[in-house]
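A quick write-up on the structure given underneath.
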Amino acid sequence: MKLSVETPAQLVDINRLPLNKIETTPNGGLKIGATVRNSDLANHVIVKRDYSVLSQAILQGASAQLRNMATTAGNLLQRTRCVYFRDPAMSCNKREPGTGCPAITGHNRMLAVLGTSEHCIAANPSDMCVAMAAGAIIHVQDERPAYCPDC
């Protein structure tokens, strides 16, 4: 948004919602709320013990100041740092499907090597996502009421 790549009509601050818990699930998994701070997640006793790859990825992925403010949802929803995605004057299949991916033949030193397609080679900047790709299942839940005049 700072670069005018995305210009949403509305933003919703979810920080006051009760989504800041880390809980075990009956099947032995872990439920991590959207607003759990990265530092809290990385240092949680169960995460450190049973999900050490996730803990290590978070602790190595940003400064302590960022980890103390960043949330699980924010980390997972980061947009790519691809220079073509971030420049609205350039074509980009991720930003506007079907326009092309100049990164494939252009400046692509810091982009993906694995998991690419003929449509896009942009990498996800989240270290947390990489750790979760080792076996996490991400559930996205929309808890808005059917009609919300202020939403």
### Message
Take the residues in segment 32-48 that are over 14 Å from A70 (Cβ atoms) and β-branched (V, I, T); name whichever of them is most open to solvent (accessible area, probe 1.4 Å).
### Response
V45
#### Entry: Residues that are in contact with a Gly (Cβ under 9 Å, 6 or more places away or on another chain) and either open to solvent by less than 30 Å² (accessible area, probe 1.4 Å) or β-branched (V, I, T) (or both), drawn from segment 65-80
T71, T72, A73, N75
### Task
For V83, state whether it is out of contact with any helix residue (DSSP H, G or I) (no Cβ under 6 Å at 6 or more places or on another chain), modelled with pLDDT of 85 or more, β-branched (V, I, T) and crowded, with 17+ Cβ neighbours inside 10 Å.
yes
### Summary
Per the filter on segment 60-96, residues part of a helix (DSSP H, G or I) and free of Cβ contacts under 8 Å to residues at least 40 places away in the same chain are A64, Q65, L66, R67, N68, M69, G74
### Task
Could you give me the residue pairs with C-beta distances under 7 Å whose first residue belongs to segment 109-138 and is within 19 Å of N75 (Cβ to Cβ), whose second residue is of a type in the set (F, W, Y) and open to solvent by less than 30 Å² (accessible area, probe 1.4 Å) wherever it lies, and which are 6+ apart or on separate chains?
A122/F85
### Query
Regarding A57, is this residue part of a loop (DSSP other than H, G, I, E, B), out of contact with any strand residue (DSSP E or B) (no Cβ under 6 Å at 6 or more places or on another chain) and either farther than 20 Å from A134 by Cα or of a type in the set (A, V, I, L, M) (or both)?
no
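The values are calculated or read from the model by the stated rules, or taken from the named source; none is laboratory data. Here the structure is a predicted model, which is why all the values come from computation and not from measurement. Virtual Cβ from ideal backbone geometry, glycine too; neighbours counted across all protein chains shown. Note: areas computed on protein heavy atoms with side chains; ligands, DNA, RNA excluded. Shrake-Rupley method; radii C 1.70, N 1.55, O 1.52, S 1.80 Å.
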